Amino acid sequence: MLGDTHIRLRVRAEYCQHETALQGNVFSNKQDPLERQFERFNQANTILKSRDLGSIICDIKFSELTYLDAFWRDYINGSLLEALKGVFITDSLKQAVGHEAIKLLVNVDEEDYEIGRQKLLRNLMLHTAP
């Protein structure tokens, strides 16, 4: 449909703390300070990449302004995040990460929302104009 608008929703699960994984696992015997720093950086980077829990990007299509606005309100007030926690932070994910705390990050670009809202408003005005 011409009046549809797409909003990109990004959902990412992350460990709350990385310090415990890095402590004792990042070290270098290099004599040169720059080489030592570079080696430690590479080790830390590798550890952090191995702890990446991944992310999901969803393109959500809206054809009604009221639904888009309700979605945005839920995003702003945090109820979307709370609802998504139950979907993404599953028992199997909790079991996989063990005793470590994880958090869910949810992002919707405000510019996407504003552009989509304007598009749906224009479409609404075109279809309700006498």
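The values are calculated or read from the model by the stated rules, or taken from the named source; none is laboratory data. Please read these numbers as outputs of a predicted model, since none were measured by experiment. All Cβ positions, even for glycine, are placed from backbone atoms using ideal geometry, and neighbour counts span all protein chains on display. Protein only, heavy atoms only, side chains kept; ligands, DNA and RNA dropped before computing areas. Shrake-Rupley method; radii C 1.70, N 1.55, O 1.52, S 1.80 Å.
Could you say which residue among V97, V87 is farther than 13 Å from V11 by Cβ, open to solvent by less than 100 Å² (accessible area, probe 1.4 Å) and aliphatic (A, V, I, L, M)?
V97
The conditions are (1) touching a residue at least 12 places away in the same chain (Cβ under 8 Å); (2) within 18 Å of R8 (Cβ to Cβ); (3) not basic (K, R), and A70 fails exactly one of them. Which is it?
(1)
Residues of the range 47-79 being surrounded by fewer than 12 Cβ atoms within 10 Å (Cβ to Cβ) and either polar (S, T, N, Q) or not in a strand (DSSP E or B) (or both), which ones?
Answer for the range 47-79, where residues must be surrounded by fewer than 12 Cβ atoms within 10 Å (Cβ to Cβ) and either polar (S, T, N, Q) or not in a strand (DSSP E or B) (or both): K49, S50, D52, G54, T66, R73, N77, G78, S79.
Does L9 count as closer than 26 Å to R122 by Cβ and in a strand (DSSP E or B)?
So L9 fits the description; yes.
How many residues does the range 121-130 contain that are open to solvent by 70 Å² or more (accessible area, probe 1.4 Å) and either within 20 Å of T5 (Cα to Cα) or among the aromatic types (F, W, Y) (or both)?
First pass over the range 121-130, keeping only residues open to solvent by 70 Å² or more (accessible area, probe 1.4 Å): 122, 124-128, 130.
Still in the running and either within 20 Å of T5 (Cα to Cα) or among the aromatic types (F, W, Y) (or both): 122, 124-128.
So the count comes out to 6.
Restricting attention to the range 28-46, which residues are under 34 Å from the mean Cα position of the chain (by Cα) and in a helix (DSSP H, G or I)?
Within the range 28-46, R36, Q37, F38, E39, R40, F41, N42, Q43, A44, N45, T46 qualify.
Name the residues in the range 72-104 that are at pLDDT 95 or above and in contact with a helix residue (DSSP H, G or I) (Cβ under 7 Å, 6 or more places away or on another chain), would you?
W72, D74, L80
Quick one: in the range 100-120, which of the residues that are aliphatic (A, V, I, L, M) and either farther than 17 Å from R51 by Cβ or part of a helix (DSSP H, G or I) (or both) is most open to solvent (accessible area, probe 1.4 Å)?
We begin by selecting, within the range 100-120, every residue aliphatic (A, V, I, L, M); these are 101-102, 104-106, 108, 115, 120.
Then drop every residue that is not either farther than 17 Å from R51 by Cβ or part of a helix (DSSP H, G or I) (or both), which leaves 106, 108, 115, 120.
On the way: V106: 29, V108: 6, I115: 99, L120: 6 Å².
Here the answer is I115.
Sort out which residues of the range 91-110 are free of Cβ contacts under 8 Å to residues at least 40 places away in the same chain and over 16 Å from the mean Cα position of the chain (by Cα), and write them in order of number.
Listed by number, the residues that qualify are D91, S92, K94, Q95, A96, G98, H99.
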